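Here is the structure we will look at.
The values are calculated or read from the model by the stated rules, or taken from the named source; none is laboratory data. Here the structure is a predicted model, which is why all the values come from computation and not from measurement. When we count neighbours, we look across all protein chains shown, and the Cβ atoms used for this are built from the backbone with ideal geometry, even at glycine.
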Amino acid sequence: VISQGKVVEDFSEFARSAEPRLRQALCSRFGVEAGREATAEAMAVAWEHWSLIRTYDNPVGYLFGVGRNKAQGSYRRRRVILWSTPDDAIPWVEPGLPQALALLSPNQRTVVLLLHCFEWTHAEVAALLGISRTTIQNHAERGMARLRHELGVNK
Amino acid sequence: MSVDLETQLRSYRKNFDSEAPAVDVPGRTDDLTLVLDTRPSARGAWRARRGLAVAMAAALLIVIVIGGVGLIPRPVANEPDPNSVPTNEPDPNSVPTNEPDPNSVPTNEPDPNSVPTNEPDPSSVQSNGWIALTVAQGTDVEAQGTDVDIWLVAFDQEPRRVIGTDTDTVDELCPAFSPDGRRVAYGRFDGQNAELAVAATDADGSVSDPIIFEVGDGLPPPCPVWSPDGSQVAFGVGRTSPINPTTSAAGSEVWIVTLSDNEVTVLPDLLATDVEWSPDGSLLAIASGADQVNPGNVLHDGRIYLYAPGSGTMRSIDATLGATALTWAPDGRRIAYQGAAELRVIDVETEQQDVLDTYSALHGIGPVWSPDGEWIVYQRCDSTTGCGGERHEVVLVPASDSPDGAEGAGEVVIHAFVETADGARANLFPFRVTWSPDGRYLLYVAWGGPMPYSGVAAVPIDPDTPTVVLTDQPGVVAYDGYDESTFVPIQTWGTRASN
């Protein structure tokens with residue numbers, strides 16, 4: 001039997017590491033607003049069923065699926081609005097980057113942002129999405145190629 | 001200065017945490033009731049969602065004020081409100097959004113002069129005249145699966161394709177009429193994405209463009225079942241399927257979509273082989289199959305789960321090991337189900353059950369309770385010819401206890417025949433069998449007779465009334481969804497609520 005205090009402590013530790021990653025992934029896929037709402041939903045499910053989910057091999061991957069289902073059910077037709085580009089960023093960021101990213105397929109956008117913006121590893125992205133590293137690489141290459149096309153850059 | 005794209009993307013992260021800040025995470029012992037050491041149910045998620053509703057409402061309001069949110073409008077009769085705040089709480093006062101039009105005239109009622117021996121309650125349900133079927137394009141059975149579309153047929157109407165084209169490369173299947181007969185829900189699959197579609201239908205058989213609900217990548221298409229009030233549809237989302245035969249069943253779910261606000265209630269960790277609403281809509285029964293049906297799929301524990309949308313609670317009937325297909329009695333107190341080589345009936349409150357019949361079969365026996373509650377129809381290996389060539393016979397079993405208590409007592413075996421072009425009498429063999437809304441006919445997806453591969457026929461209960469072959473075109477798909485489904489599509493013969 002686990003004490004409630006231990007459960008809360010255990011979950012809090014999980015949430016500290018999982019929430020940012022879920023938020024990054026779900027906001028990349030659905031945009032900021034729907035992505036945050038899906039993250040909140042997924043974390044609520046995680047808390048409610050923590051005694052079971054804590055035993056999963058890949059709880060973040062499972063919760064990404066929970067959040068994705070939630071967002072797809074309620075927000076499918078919502079336009080993907082990502083966060084803005086920093087005005088004073090060094091290195092400089094093309095202002096049209098968020099709009100170009102929104103044109104990618106959901107999988108391409110998720111993979112491109114997690115790999116290159118949030119600097120996840122291929123293995124981490126593959127585990128989250130439940131698809132092979134080869135498929136991740138394909139999404140990444142096609143996504144980057146389309147981004148370059150949309151932005152008119154060649155490198 | 002030109003900066004390479006990878007570097008720009010790394011720099012792009014700078015505004016993320018300020019514009020998409022961390023969400024509130026539950027974790028206090030007083031804000032939620034934590035369920036320890038039990039399987040997940042949706043009840044807790046509902047409680048959690050209620051707690052989040054205020055914050056979500058505020059967030060949605062901000063979005064609406066700033067720029068508006070919206071679904072891409074599509075011409076449907078039941079457009080969801082994109083501004084609604086998802087509470088995930090079914091409205092107990094909800095009513096069907098599409099009231100039947102008293103002026104609509106069914107074009108093809110079954111012959112009112114035929115005298116059924118199994119008289120249904122005439123005040124209960126009428127037909128809207130149309131029967132939906134799923135057809136794989138092509139001229140022979142080998143072509144099945146190439147491109148699947150939805151057709152409508154009626155007693156006095158030739159079959160016509162109403163959803164899909166030869167060139168759309170999208171499978172559209174599992175049609176189900178809403179209880180008021182004015183909408184049809186179905187599954188879509190484009191080779192990668194599974195979607196639920198809901199479209200309005202007219203009395204003339206025309207179907208509008210659908211509204212689409214995305215189910216997910218790499219999943220089988222949903223086979224929806226309407227709730228009795230027409231406000232929700234439910235379906236299984238299996239993670240393992242013929243599309244993903246090597247994928248674990250873990251993560252399989254049952255979805256309930258509330259059509260008025262697009263809200264999806266997800267019931268986790270269920271690999272459903274059949275789902276069906278109780279007649280009053282208060283319970284959704286979910287058959288979770290049997291391990292021997294799909295070896296290794298650990299979520300197939302064979303129980304029947306009963307989910308109550310009104311309270312968000314779920315309980316299991318543990319005595320039903322092996323349940324793969326089920327059907328509610330019209331009184332809502334009993335469920336008949338296909339167990340391990342047995343047709344059983346169980347009382348959902350007392351969990352007392354009886355074996356109505358034992359059988360051998362080559363595929364799902366698909367029990368379906370008659371509209372008047374007197375009979376249960378199912379199919380099994382033909383008792384005269386055996387199962388050779390996948391020959392099944394249709395059996396009507398009295399739903400009440402037989403006088404002598406013996407299994408199979410009082411059953412009626414139906415052998416359906418049709419006349420071939422050369423005047424000979426030929427057997428019809430069923431793939432799936434269900435009832436017409438008025439209980440006068442059995443609807444066969446069948447083969448045999450003039451139908452070398454497939455067809456649809458209305459077989460009257462009255463033995464003096466001839467069988468009507470509605471279509472004998474090749475490619476009528478006998479299954480709904482993909483092969484692992486064992487259930488009978490019970491909403492393909494359109495109903496029309498009485499006034």
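Annotations
- Residue that is modelled with the lowest pLDDT [pool: residues in region B:416-450 that are closer than 20 Å to B:P474 by Cα and part of a loop (DSSP other than H, G, I, E, B)]: B:P450
Per-residue answers, yes or no, for (1) part of a strand (DSSP E or B); (2) crowded, with 24+ Cβ neighbours inside 10 Å:
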residue: B:I150; (1), (2): yes, yes
residue: B:D166; (1), (2): no, no
residue: B:T169; (1), (2): no, no
residue: B:L173; (1), (2): yes, yes
residue: B:G181; (1), (2): no, yes
residue: B:G187; (1), (2): yes, yes
residue: B:A203; (1), (2): no, no
residue: B:E214; (1), (2): yes, no
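- Count of region B:1-35 residues which are assigned to a loop (DSSP other than H, G, I, E, B), modelled with pLDDT of 90 or more and at the interface with chain A (Cβ under 7 Å from one of its Cβ atoms): 3
- Being under 19 Å from the mean Cα position of the chain (by Cα) and surrounded by 18 or more Cβ atoms within 10 Å (Cβ to Cβ) is a property that holds for A:E19.
- Test set (1) modelled with pLDDT of 90 or more; (2) part of a helix (DSSP H, G or I); (3) surrounded by 19 or more Cβ atoms within 10 Å (Cβ to Cβ) - A:W120 fails condition number: (2)
- Counting only strands (runs of 3 or more DSSP E) wholly contained in region B:302-390, the ones carrying 3 or more residues that are surrounded by fewer than 19 Cβ atoms within 10 Å (Cβ to Cβ) occupy B:313-317, B:353-358.
- Residue check for B:D209: touching a residue at least 60 places away in the same chain (Cβ under 8 Å), within 14 Å of another protein chain (Cβ to nearest Cβ), closer than 30 Å to B:D156 by Cα and surrounded by fewer than 22 Cβ atoms within 10 Å (Cβ to Cβ): yes
- Residue in region A:11-30 that is at pLDDT below 85 and in contact with a Phe, Trp or Tyr (Cβ under 9 Å, 6 or more places away or on another chain) present: no
- A:P98 meets all of the listed conditions (1) within 24 Å of B:S18 (Cα to Cα); (2) within 11 Å of chain B (Cβ to nearest Cβ); (3) buried (at least 17 other Cβ atoms within 10 Å of the Cβ); (4) within 13 Å of the chain's Cα centre (by Cα) but one, namely (4).
- Matching option when the condition is in a loop (DSSP other than H, G, I, E, B) and away from chain B (no Cβ under 11 Å), among A:V125, A:V93, A:V80, A:V111: A:V80
- Restricting region B:240-268 to residues that are assigned to a loop (DSSP other than H, G, I, E, B) and at the interface with chain A (Cβ under 9 Å from one of its Cβ atoms), the residue that is modelled with the lowest pLDDT is B:T247.
- Total residues in region B:212-224 satisfying the condition of being away from chain A (no Cβ under 13 Å) and out of contact with any Cys (no Cβ under 6 Å at 6 or more places or on another chain): the figure is 3.
Conditions tested, residue by residue: (1) over 30 Å from A:G143 (Cβ atoms); (2) within 7 Å of chain B (Cβ to nearest Cβ).
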{"residue": "A:E9", "(1), (2)": "yes, no"}
{"residue": "A:S12", "(1), (2)": "yes, yes"}
{"residue": "A:S17", "(1), (2)": "no, no"}
{"residue": "A:A25", "(1), (2)": "no, no"}
{"residue": "A:A40", "(1), (2)": "no, yes"}
{"residue": "A:Y56", "(1), (2)": "no, no"}
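- Qualifying residue in region B:229-238 (condition: surrounded by fewer than 24 Cβ atoms within 10 Å (Cβ to Cβ), in a loop (DSSP other than H, G, I, E, B) and free of Cβ contacts under 8 Å to residues at least 60 places away in the same chain): no
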